[in-house]
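Just below is one structure, and these are the notes that go with it.
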Amino acid sequence: MVTSGWFIPVSALSAFDGENALGNWTLFIQDTVGLDRLDYFRSTISVTTVPEPGSMALIGLGLLGLAAARKRKQA
């Protein structure tokens, strides 16, 4: 009987890159060996989002624009 362990997904998890982390997700578990007992108790998923370089550039340009406008207003 398996009491704990790590299991390898059937396909690469990179297939989920770019998907909406706030969407509805379904976990499908299948016991492919019929003669053993497999119980599932819990799982944990952690989602880390990284801003795209283009988004970071836009934020930087916006901050530079605000700083220039403020400097111009003070002069």
What do you reckon, is ALA57 surrounded by 10 or more Cβ atoms within 10 Å (Cβ to Cβ), under 23 Å from the mean Cα position of the chain (by Cα) and either modelled with pLDDT under 80 or of a type in the set (Lys, Arg) (or both)? no
Within segment 33-42, is even one residue among the basic types (Lys, Arg), more than 23 Å from the chain's Cα centre (by Cα) and either in a loop (DSSP other than H, G, I, E, B) or at pLDDT 80 or above (or both)? yes
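The values are calculated or read from the model by the stated rules, or taken from the named source; none is laboratory data. Every value quoted in this text rests on a predicted model; they were computed, and no experiment measured them. Ideal geometry is used to build each Cβ from the backbone, glycine not excepted, and the neighbour counts take in all protein chains shown.
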